[in-house]
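Below is one structure, written out as structure tokens; comments come after it.
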Amino acid sequence: MPEGGAAPLPLHAYRFLTAALAPLAPALISHRLKRGKEHPARLRERYGRSQISRPAGPLAWIHCASVGELLTVIPLMARILEKGFGVLCTSGTVTSAKLAELRLPKGGIHQFVTLDAPQFVNRFFDHWQPDLAIFVESDLWPNLIATSARRGIPLILVNGRLSERSFRRWRWAPHTAAQLLRCFDLCLAQSAADAERYRDPRHPERGQDILEIARAENLRASLRSRGELPGVDTDIYIADTVGELGLVYRVAPIVFVGGSLATHGGQNPIEPIKLGAAILHGPHVWNFAEIYAALDRAHGAEQVTDMGKLALRAGAWLKDAGARAAVVTAARATVAALGGGLERTVAALDPYFMQIRLERGRHDA
């Protein structure tokens, strides 16, 4: 699981309990079948089995709860198919399966989502081997999510929705919620309110923690969430609000993309590049290794190996607008060649498509 080692006790307990209860699954499915809630010819899919072979090439798995969620992502499925990816769509209701038969884009595959027990989940992943996992809105199954993370499959939440009621329930187990949500590499929320709630299970009060670290080092720091603005004597300005990172990228001539000097695997460099920032990064960028390699080859980004070199390179670029502009131009050309212009959601997913395509190209060469 990203960011964090072993899962907390409640997730271990959930995994153990669902594994222990798996022998009772046929009784549950039989009960649902009698009530018209299962498709009689497709019961095996609930156990992670399929009569359909995995398509060749990269595969994006999209999970929706039911009809409403499925309808919202049909255009996204079409765009993913256009990019040369296969699409596997899972959902949990008979009505959504009927809708998928009628509306799924040509080339897309629909399956009923497997029951969230470890043995069924592992069977599902062994068969389909998705390169990317996309969850829609709020149908979050712990074993499916945790297994995706353990297998190194990038996890994206799109149209994320967390009601005030659900948020209050999650707050009773904040560490469990945080560990589960941290499995996601990217969360695209429906609204600013949803984004704020996901940030609070996922990154509770990080701004204040960073402020205290800065002050312990005798640095003058201020918080965006308090409405504070940077002044001439500000050493660190902590942008701890939701939805404003793009604004910071637009006004910052240089961006050091974090998680790359520490061994966290690096963050997505695409957004700051598109917004005109020159990119510096550390050596630990395996989350987007192929993208960073392409940028470095094109002189569209530069690697620094420690804090001293970071300070030196950033200082040099601040004094040389021409050098910065050359880096930005090369980076934008590289990103355009790899991905192209897309709508908001597809643009946010673009680095993952690029990374998967580059990795597969390297393996096939």
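Counting only protein heavy atoms and using a 1.4 Å probe, the accessible area of residue 251 comes to about 110 Å². For the options 108, 227, 152, a Gaussian network treatment of the chain with springs between C-alpha atoms closer than 10 Å singles out 227 as fluctuating the most. When the Gaussian network model of the chain links Cα atoms closer than 10 Å, the mean-square fluctuations of 315, 107, 265 top out at 315. Note on the chain: dipole from Cβ charges, positive end direction compared against 16, 249, 238; the farthest Cα belongs to 16. Note on the chain: with charges restricted to the Cβ of Lys and Arg (+1) and Asp and Glu (-1), its dipole about the Cα centre is near 1240 debye.
The spacing between region 219-274 and region 19-41, judged by their C-alpha centroids, is 49 Å. Against the chain, whose longest principal axis is taken from its Cα atoms, helix 321-338 shows a tilt of about 20°.
Of 42, 103, the order by accessible heavy-atom surface (1.4 Å probe, DNA, RNA and ligands excluded), from most exposed downward, is 103, 42. Charge dipole (Cα centre; +1 on Lys/Arg Cβ, -1 on Asp/Glu Cβ; no other charges) of region 257-365 amounts to roughly 180 debye. Extents of the chain, taken as max minus min of Cα coordinates on every principal axis and listed largest first, are 72, 47, 31 Å.
For the chain, the longest principal axis of the C-alpha atoms and the axis of helix 9-21 are separated by about 20°. To the nearest ten degrees, helix 25-34 and the longest principal axis of the Cα atoms of the chain are 70 degrees apart. Positive end of the dipole of the chain, charges at C-beta (+1 Lys, Arg; -1 Asp, Glu), about the Cα centre: which of 149, 87, 291 has its Cα farthest in that direction? The residue sitting farthest along the positive end of the dipole is 87. Here the simple spin-label model places points 7 Å from the Cα toward Cβ, and for residue 43 and residue 360 these points are separated by 3.5 nm. Over the chain, dividing the summed -39,500 (n - 2.57) contributions of all DSSP H runs of at least 4 residues by the number of residues returns a 222 nm mean residue ellipticity of -15000 deg cm²/dmol. Dipole magnitude for region 2-146: computed about the Cα centre from +1 point charges on Lys and Arg Cβ and -1 point charges on Asp and Glu Cβ, it is near 560 debye.
Summary of packing: across the peptides 46-54, 296-304, 273-281, 318-326, the per-residue average of other C-beta atoms within 10 Å ranks them, highest first, as 273-281, 296-304, 46-54, 318-326. Of 255, 232, 158, the residue with the greatest mean-square motion in the GNM of the chain, using alpha carbon springs below 10 Å, is 232. Simple rule: put +1 on each Lys or Arg Cβ and -1 on each Asp or Glu Cβ in the chain, find the dipole, and look at 328, 227, 114; the Cα lying farthest toward the positive end is 114. Looking at the P(r) of region 1-104, how many percent of alpha-carbon pairs lie beyond 17 Å? That tail contains 66 percent of the Cα-Cα pairs.
The values are calculated or read from the model by the stated rules, or taken from the named source; none is laboratory data. What you are looking at is a predicted structure, and each value in this text was computed from that prediction instead of being measured. Methodologically, a virtual Cβ is constructed for each residue, glycine included, from the backbone with ideal geometry; neighbour enumeration extends over all protein chains shown. Remember, those area values only see protein heavy atoms, side chains included, never the ligands or the DNA or RNA. Shrake-Rupley method; radii C 1.70, N 1.55, O 1.52, S 1.80 Å.
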